[in-house]
1. Considering ARG233, ARG239, ARG228, which residue is more than 15 Å from LEU159 (Cα to Cα), basic (Lys, Arg) and in contact with a helix residue (DSSP H, G or I) (Cβ under 8 Å, 6 or more places away or on another chain)?
2. Please verify whether THR46 is free of Cβ contacts under 8 Å to residues at least 24 places away in the same chain, not acidic (Asp, Glu) and not in a strand (DSSP E or B), treating the condition exactly as stated.
3. Within segment 104-139, work out how many residues are crowded, with 17+ Cβ neighbours inside 10 Å and of a type in the set (Ser, Thr, Tyr).
4. Do you know which residues across segment 137-166 are within 30 Å of HIS108 (Cβ to Cβ) and hydrophobic (A, V, I, L, M, F, W, C)?
5. Can you pull out every residue in segment 62-76 that is open to solvent by 70 Å² or more (accessible area, probe 1.4 Å) and either assigned to a helix (DSSP H, G or I) or among the small types (Gly, Ala, Ser) (or both)?
6. Whether any residue in segment 200-220 is surrounded by 15 or more Cβ atoms within 10 Å (Cβ to Cβ), closer than 30 Å to ALA328 by Cβ, in contact with a Leu (Cβ under 7 Å, 6 or more places away or on another chain) and not hydroxyl-bearing (Ser, Thr, Tyr) is what I want to check.
7. Starting from residues that are in a helix (DSSP H, G or I), touching a residue at least 40 places away in the same chain (Cβ under 8 Å) and not hydroxyl-bearing (Ser, Thr, Tyr), keep the ones in segment 229-246 and report whichever is farthest from GLN335 (Cα to Cα).
8. Pull up segment 306-323, narrow it to residues that are β-branched (Val, Ile, Thr) and under 18 Å from VAL227 (Cβ atoms), then point me to the one that is most open to solvent (accessible area, probe 1.4 Å).
Amino acid sequence: MTVQELIQQLKTGNLPRLVLLMGTEQILLDQALTALKQVIPPDQQTMNLAAYDMRQTEVGVALDDATSPPFFGDWREVIITDPYFLTGENSKTNLNQDLDGLTTYFQHPVDSTLMVIVAAYEKLDARKNVVKALKKAALVVDVAPLDARAAQQAVKRALAKQQIDVAPAALEAFAQRTGGDYTAMMHELPKLKLYAGGGTSLDVAAIDQLVPKQLTDRVFDLVDAVVRKQPDRALKLYRDLLLQKEEPIALNALMVGQFRLLLQVKILAAKGYSQGNIQQTLKVHPFRIKKALQESRPVPLTTLARAYKGLVETETAMKTGRVDKALAFELFVLQYTSNQPITVGQ
């Protein structure tokens with residue numbers, strides 16, 4: 001079930017006894033939780049609505065609450081967050097988590113209680129009896145990250161409700177600026193609605209003005225300049241980031257990560273992996289995989305490997321103090337783009 005389908009079901013008064021929110025898309029989690037909390041009238045929430053973090057509270061406390069009758073109301077709601085014991089995680093904790101009691105509750109939920117399990121994970125451990133009982137009894141709501149296409153369509157629908165027209169190129173630019181992340185898109189959406197509220201269409205120029213580039217996106221521009229061996233552009237981008245108080249070592253580490261991704265994508269694509277299979281293998285956001293495929297396709301594997309190795313050596317030189325941190329990356333860029341041996345810090 002989607003979040004929107006859950007919201008519609010709650011409006012009909014058809015309330016489930018047990019809900020599992022499964023996935024890591026924060027904006028969808030927030031929307032679902034907001035709708036679920038509204039089941040309890042505001043004047044009753046103090047006594048009949050409670051949330052329990054399983055990193056800090058024993059599940060038995062939540063079960064005691066869930067099995068208690070509502071206090072001057074029709075419903076009691078118990079929200080369980082971060083139920084790590086439903087995953088494969090081996091967590092060392094002093095808490096005594098009564099999983100047998102929780103399993104029994106899943107099998108026989110209390111009629112007057114709405115229990116919400118917030119599982120902000122990619123997956124649960126399906127081998128565990130408690131997970132089997134949960135999935136069998138719960139209304140499962142999908143809050144997994146949307147792929148780039150679905151995120152764009154959701155944004156387009158949200159704008160259409162405000163009678164705001166967005167050009168396809170502008171929608172693509174918006175996705176690029178936010179890394180294809182639906183939560184990031186929704187956080188930026190109020191600015192777009194305010195700008196276009198007077199009937200102005202959203203074009204690429206508007207997106208450029210309204211939506212700042214994320215750090216990872218600016219670093220990818222830097223990667224692009226290095227890959228294309230454009231030293232002037234690369235150094236300008238790098239110096240701009242330094243002026244914005246970004247740390248040289250942190251920037252270099254991001255560059256190492258981006259070139260590692262380019263190498264991995266290049267290797268997997270050469271083995272015949274599709275974009276979807278690469279994403280599943282690397283567990284990276286689909287939009288980043290798409291950009292990495294586009295960036296790495298025309299570049300020889302040996303060239304990418306040379307850049308990656310050079311950046312790793314540059315990072316070592318920075319951390320050991322063999323070279324000034326701010327100048328180390330500039331030396332790497334000049335040596336790499338001119339095809340000279342990379343000797344940063346040597």
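1. The conditions single out ARG233.
2. For THR46, the condition - free of Cβ contacts under 8 Å to residues at least 24 places away in the same chain, not acidic (Asp, Glu) and not in a strand (DSSP E or B) - is met.
3. 3
4. Across segment 137-166, the qualifying residues are ALA137, ALA138, LEU139, VAL140, VAL141, VAL143, ALA144.
5. ASP64
6. Yes, segment 200-220 contains at least one residue that is surrounded by 15 or more Cβ atoms within 10 Å (Cβ to Cβ), closer than 30 Å to ALA328 by Cβ, in contact with a Leu (Cβ under 7 Å, 6 or more places away or on another chain) and not hydroxyl-bearing (Ser, Thr, Tyr).
7. Among those residues, the one meeting the criterion is LEU242.
8. Of everything passing the filter in segment 306-323, VAL312 is most open to solvent (accessible area, probe 1.4 Å).
The values are calculated or read from the model by the stated rules, or taken from the named source; none is laboratory data. Bear in mind the structure is a predicted one, so any value in this text is a computation, not a measurement. Every residue, glycine among them, receives a Cβ derived from its backbone with ideal geometry; neighbour counts consider all protein chains shown. Just the protein is used for accessible areas: all its heavy atoms, side chains included, with ligands, DNA and RNA removed. Shrake-Rupley method; radii C 1.70, N 1.55, O 1.52, S 1.80 Å.
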